[in-house]
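> The structure's right below; bear with me while I get my questions together.
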Amino acid sequence: MTHSQTKHKSGLVTQSSGLSLEEINGTVEVPQGKGFWRTLLAYSGPGALVAVGYMDPGNWSTSITGGQNFQYLLMSVILMSSLIAMLLQYMAAKLGIVTQMDLAQAIRARTSKRLGIVLWIITELAIMATDIAEVVGAAIALYLLFGIPLWIAVFITVFDVLLLLLLTKIGFRKIEAIVVCLIFVILFVFVYQVALSDPDWGAVFKGFIPTTQTFAETPAIGGQTPLTGSLGIIGATVMPHNLYLHSAVSQTRKVDHKNEDSVAQAVRFTTWDSNIQLSMAFIVNALLLIMGVAVFKSGAVKDPSFFGLFHALSDPSTMNNGLLMSVAKTGLLSTLFAVALLASGQNSTITGTLTGQVIMEGFIHMKIPLWLRRLVTRLISVIPVMICVLLTRSDNPIEEHQALNNLMNNSQVFLAFALPFSMLPLLIMTNSAKEMGQRFKNRPIIQILGWFSVISLTFLNLRGLPDSIRDFFGSNPSASQITLANTIAYLLIAAVLALLLWTIIDLYKGNQRYHQEQSDLEE
């Protein structure tokens, strides 16, 4: 399936409805009829760009705090989230390869212009929420490593646009390689720290088996229950923008779309690449939770912010064994943590910008240069962080750190809104033989698992919304604030469900119209 390409340029803005990320679309050569490993190497890369979103700074405190509070109980949540992520990313990549449209383009082609704009705004808010976590993470890493004042460090994060400009000059394959290297930096840091802690591996593997306690509302430890801990991990793991990104970057490989076997090879090896890279993201998130249990003494981390974790890693008294204590004294553990935090933030810079371009082109057919896109998004994301830093400058350090941590956590509420509007259309389209062809539509088992995943994630995200809204009122909200938070949450849930219904109706109506238009074009 192809679609028409039209362009209208005016200054920096281009009106476009062409190929997804057309500068890099179909630019990477892949071998035909060669060995498995050589072919896999050629297809490896897009999965790394996607996996970055599953190990960004937003995941860190949720996993470590979950380990501190509930030992290995929530390991099963990390495993389930990762398996669902693999399933959704497989469908996203397959949609891009088979239809030659990314998810945003595919949704827009089948929905009204009005709904397209609404979905674009929702997805932009989700990207900006993720960007806030990256700004906070990168600024804190600069402060911890180099002693740069926070407000200056926040401002410096804007200049990562220059890094992006440099990367766009060196070619997409090299960008993929840089991202993979940064992932290995993060992986090395946490493998090293967990190896020193010598965890109880029996208890770790036992934690992968879910129990009735995993989603229980008691006990409450440090203001967190197993349910809220699970919702935090799920919310930080499965992110909507990754589905848009994967459906676009999966098209960077050169595929003969007239040959079904060539398309099937692309789907197969892209899935291998995705699952391998997401397995690495799963390992990182599991290591973070293990850190919370085995690196620190139980209850030792009073401040789960990045500042608190950094200081805890440099404090021998919080460490769980003598070996960790001796290494903590050198400052190596805390420095490595800050390096991993900086690497994570830079990785997310690259992928966040590409995703922003994908949804802007797909939903509203507008294209701007990557550097300008990055600058605008980052400047908007910097504003709430800068306000938070300036307002808390006169407070004591713990209050300042907590305010930044709360801003990062509260911003993630937008992800709960955006996720159903990417998952549901993706599942509907990849389940359809009319869309994907009989060979590439989802098999019955994938359809069953897909519906289970979409319904479960939507329910859990909406289930956690009242708590998320309540968090905006601080750690000790009054009875009237709790009532207000619940009212706002239930109104938002009603709005999300109404919008989902609109999306489903529009998709089914638009499907008929779209396929008729395609038939007319082919004739």
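> Can you tell me which residue within region 23-59, out of those that are part of a loop (DSSP other than H, G, I, E, B), crowded, with 16+ Cβ neighbours inside 10 Å and not hydroxyl-bearing (Ser, Thr, Tyr), is modelled with the lowest pLDDT?
Among those that are part of a loop (DSSP other than H, G, I, E, B), crowded, with 16+ Cβ neighbours inside 10 Å and not hydroxyl-bearing (Ser, Thr, Tyr), it is Asp56.
> Consider His257 carefully, then state whether it is over 22 Å from His401 (Cβ atoms), outside any helix (DSSP H, G or I), touching a helix residue (DSSP H, G or I) at 6+ places or on another chain (Cβ under 9 Å) and in contact (Cβ under 8 Å) with a residue 40 or more places away in the chain.
yes
> Pairs only if they're at least six apart or on different chains, beta carbon under 8 angstrom, first in region 331-349 and over 20 Å from Leu370 (Cα atoms), second small (Gly, Ala, Ser) and not in a helix (DSSP H, G or I); list them, first residue then second.
If the second residue must be small (Gly, Ala, Ser) and not in a helix (DSSP H, G or I), the pairs left are Gly331/Ser314; Leu333/Ser314; Ser334/Ser314.
> Considering only residues that are among the β-branched types (Val, Ile, Thr) and in a helix (DSSP H, G or I), look in region 384-423 and name the one that is surrounded by the most Cβ atoms within 10 Å (Cβ to Cβ).
First pass over region 384-423, keeping only residues among the β-branched types (Val, Ile, Thr): 385, 387, 389, 392, 398, 413.
So of that shortlist, the ones also in a helix (DSSP H, G or I) come out as 385, 387, 389, 398, 413.
Numbers: Val385: 25, Ile387: 11, Val389: 23, Ile398: 13, Val413: 22.
Here the residue is Val385.
> Tell me, yes or no, whether region 274-285 has at least one residue that is within 20 Å of Leu21 (Cα to Cα) and either open to solvent by 30 Å² or more (accessible area, probe 1.4 Å) or in a helix (DSSP H, G or I) (or both).
yes
> Given the conditions (1) under 25 Å from Leu497 (Cβ atoms); (2) under 19 Å from the mean Cα position of the chain (by Cα); (3) among the aliphatic types (A, V, I, L, M), and given that Met429 satisfies all but one, which numbered condition is not satisfied?
If we test Met429 against (1) under 25 Å from Leu497 (Cβ atoms); (2) under 19 Å from the mean Cα position of the chain (by Cα); (3) among the aliphatic types (A, V, I, L, M), just (2) comes out false.
> Kindly indicate whether any position in region 433-441 is without any contact (Cβ under 8 Å) to a residue 60 or more places away in the chain, charged (D, E, K, R), farther than 30 Å from Trp502 by Cα and out of contact with any strand residue (DSSP E or B) (no Cβ under 7 Å at 6 or more places or on another chain).
Of the residues in region 433-441, the ones without any contact (Cβ under 8 Å) to a residue 60 or more places away in the chain are 433, 438, 441.
Still in the list and also charged (D, E, K, R): 441.
The next check asks that each one be farther than 30 Å from Trp502 by Cα; those that pass are none.
No: region 433-441 contains no residue that is without any contact (Cβ under 8 Å) to a residue 60 or more places away in the chain, charged (D, E, K, R), farther than 30 Å from Trp502 by Cα and out of contact with any strand residue (DSSP E or B) (no Cβ under 7 Å at 6 or more places or on another chain).
> A follow-up question, please. Within region 468-523, which residues are of a type in the set (Val, Ile, Thr), surrounded by 15 or more Cβ atoms within 10 Å (Cβ to Cβ) and at pLDDT 90 or above?
Ile488, Ile493, Val496, Thr503
> Considering only region 199-208, I want to know if a residue exists there that is without any contact (Cβ under 8 Å) to a residue 12 or more places away in the chain and under 22 Å from the mean Cα position of the chain (by Cα).
no
Quick grid of which residues meet (1) in contact with a Gly (Cβ under 8 Å, 6 or more places away or on another chain); (2) basic (Lys, Arg); (3) open to solvent by less than 10 Å² (accessible area, probe 1.4 Å):
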{"site": "Ala104", "(1), (2), (3)": "yes, no, yes"}
{"site": "Ile107", "(1), (2), (3)": "yes, no, yes"}
{"site": "Lys113", "(1), (2), (3)": "no, yes, no"}
{"site": "Ile122", "(1), (2), (3)": "no, no, no"}
{"site": "Ala129", "(1), (2), (3)": "no, no, yes"}
{"site": "Ile132", "(1), (2), (3)": "no, no, no"}
{"site": "Ala141", "(1), (2), (3)": "yes, no, yes"}
{"site": "Leu145", "(1), (2), (3)": "no, no, no"}
{"site": "Leu150", "(1), (2), (3)": "no, no, no"}
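> Considering only residues that are assigned to a helix (DSSP H, G or I) and either within 14 Å of Gly235 (Cα to Cα) or open to solvent by less than 10 Å² (accessible area, probe 1.4 Å) (or both), which ones fall in region 437-454? Spell out how you get there, then give the answer.
Within region 437-454, the subset assigned to a helix (DSSP H, G or I) is 444-454.
Gly450, Ser453, Val454 - these are the residues of region 437-454 that are assigned to a helix (DSSP H, G or I) and either within 14 Å of Gly235 (Cα to Cα) or open to solvent by less than 10 Å² (accessible area, probe 1.4 Å) (or both).
> Tell me whether region 455-477 contains one or more residues that are farther than 25 Å from Gly510 by Cβ, assigned to a helix (DSSP H, G or I), of a type outside the set (Ser, Thr, Tyr) and without any contact (Cβ under 8 Å) to a residue 12 or more places away in the chain.
Taking every residue of region 455-477 in turn, at least one turns out to be farther than 25 Å from Gly510 by Cβ, assigned to a helix (DSSP H, G or I), of a type outside the set (Ser, Thr, Tyr) and without any contact (Cβ under 8 Å) to a residue 12 or more places away in the chain.
> Within the bounds of region 176-189, is there any residue that is part of a helix (DSSP H, G or I) and more than 22 Å from Leu278 (Cα to Cα)?
No: zero hits.
> Now, a different point. Looking at Leu426, Leu372, which one is buried (at least 22 other Cβ atoms within 10 Å of the Cβ), part of a helix (DSSP H, G or I) and out of contact with any His (no Cβ under 8 Å at 6 or more places or on another chain)?
The match here is Leu426.
> Considering only residues that are among the β-branched types (Val, Ile, Thr), within 19 Å of the chain's Cα centre (by Cα) and more than 21 Å from Asn347 (Cα to Cα), which ones fall in region 93-143?
If the condition is that a residue be among the β-branched types (Val, Ile, Thr), within 19 Å of the chain's Cα centre (by Cα) and more than 21 Å from Asn347 (Cα to Cα), then Ile121, Ile122 are the ones that fit.
> Being within 25 Å of the chain's Cα centre (by Cα) and assigned to a helix (DSSP H, G or I) is the filter here; which residues of region 303-333 pass it?
Once the filter is applied, which keeps residues that are within 25 Å of the chain's Cα centre (by Cα) and assigned to a helix (DSSP H, G or I), region 303-333 yields Phe306, Phe307, Gly308, Leu309, Phe310.
> Inspect all residues belonging to region 299-307 and state whether any of them is more than 18 Å from Gly67 (Cα to Cα) and polar (S, T, N, Q).
The answer is no, given that none of the residues of region 299-307 is more than 18 Å from Gly67 (Cα to Cα) and polar (S, T, N, Q).
The values are calculated or read from the model by the stated rules, or taken from the named source; none is laboratory data. Since we're looking at a predicted model, the values are computed, not measured. Here Cβ is always computed from backbone atoms with ideal geometry, including for glycine, and neighbour counts include all displayed protein chains. Heavy atoms of the whole protein, side chains included, go into the accessibility calculation; ligands, DNA and RNA do not. Shrake-Rupley method; radii C 1.70, N 1.55, O 1.52, S 1.80 Å.
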